[in-house]
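Everything on this sheet refers to the single structure shown next.
The values are calculated or read from the model by the stated rules, or taken from the named source; none is laboratory data. Worth saying up front: this structure is predicted, and the values here are computed from it rather than measured. Cβ atoms come from the backbone with ideal geometry, glycine included; neighbour counts cover every protein chain shown.
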Amino acid sequence: MNTENEKTKDWRAKLHEIIYESNTFAGKAFDVGLLIAIFASILVVMLDSIDSYHRQFGSFFSAIEWTFTILFTIEYILRLVIIKHPLNYVKSPLGIIDLLALIPSYLSVIFVGAQSLLALRALRLMRIFRIFKLGRFLSEMKFLTVAISGSLRKISIFMLTVLTLVVILGSVMYLVENRENGFSSIPESIYWAIVTITTVGYGDISPVTPMGKFVASFMMLIGYAIIAVPTGIITTEMAAAARNKGFHHQVCPGCGREGHDQDAKFCKYCATKL
């Protein structure tokens, strides 16, 4: 009995090392194969969205699409089977992305008939979510995630300041410009202020009066300064995240999460032995 349990643990441990880890030849080969499959499936979705290609190779694209769907389904099931707490993986960002990449293919079987063709195209478009599966191969994305999380409060305050500024300056433009020049209401003027301060400048609304041009020039100069602020905040947080880098990339066999300390013996999220 103990021998059977040991065998079960043994094959699960080997599969976990191949699917979740990348420090072995088998693990690296699996990651490379999965990476190629993701890129190929995204390419198929893109080519299938071109009408001429869809009319000529629609059946071929559909066959390839279902091949990738079956492969990704097997991968998803294996990830659930070999992990001790599968629900943790299902609720994780990568688990949700993997599920989003699978659901449209199976839902497209339900939506059949001429009336559902538009829904079918929307479901086919949803398969582009597979591109987010690439995130598991970009370990440096963790720095960006940590940096954005750390700077979220500062950026929120900054965005509130910018919003207050565009409301005030948009209202000023409504007062100094004539309705004939496009500033017919305060919301329209605020729209112009947002377009101007972000240096997009569609040109559909533009000031004519000298005072309006002065306010517009002031906003354009502010716009260049505003672009630099969030960049500086995130860059500072990224530098702090790089300095605090002290974890390895071992994946917990219990919950499938990374980010453990170099000397960690147990997972800090679910206490499973590493």
task: Under 7 Å between Cβ atoms, at least 6 apart or on separate chains: pull out the pairs that start in region 29-57 with a residue that is more than 22 Å from Leu102 (Cα to Cα) and end on any residue that is modelled with pLDDT of 85 or more.
output: Tyr53/Leu47
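Can you pull out every residue in region 200-217 that is under 13 Å from Val166 (Cβ atoms) and loosely packed, with under 14 Cβ neighbours inside 10 Å? Reasoning before the result, please.
Taking region 200-217 and keeping what is under 13 Å from Val166 (Cβ atoms), we get 200, 215-216.
Selection gives Val200 alone.
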- line: Of (1) surrounded by 13 or more Cβ atoms within 10 Å (Cβ to Cβ); (2) modelled with pLDDT under 85, Gly113 satisfies every one except (1)
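Restricting to region 143-196, and then to whatever is part of a helix (DSSP H, G or I) and of a type in the set (Phe, Trp, Tyr), can you tell me which residue is modelled with the lowest pLDDT? First the steps, then the outcome.
Applying the first criterion (part of a helix (DSSP H, G or I)) to region 143-196 yields 143-176, 179-181, 186-196.
The next check asks that each one be of a type in the set (Phe, Trp, Tyr); those that pass are 143, 158, 174, 191-192.
Working: Phe143: 63, Phe158: 82, Tyr174: 89, Tyr191: 91, Trp192: 90.
Looking at residues that are part of a helix (DSSP H, G or I) and of a type in the set (Phe, Trp, Tyr), I get Phe143.
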- prompt: What are the pairs, 6+ residues apart or on separate chains, where a residue within region 68-85 that is under 22 Å from Cys252 (Cβ atoms) has its Cβ under 9 Å from a residue that is of a type in the set (Phe, Trp, Tyr) and surrounded by fewer than 14 Cβ atoms within 10 Å (Cβ to Cβ)?
  reply: Ile82/Trp11
query: Which one of Ile96, Ile36 is modelled with pLDDT under 85, among the hydrophobic types (A, V, I, L, M, F, W, C), assigned to a helix (DSSP H, G or I) and more than 24 Å from Lys273 (Cα to Cα)?
result: Ile96
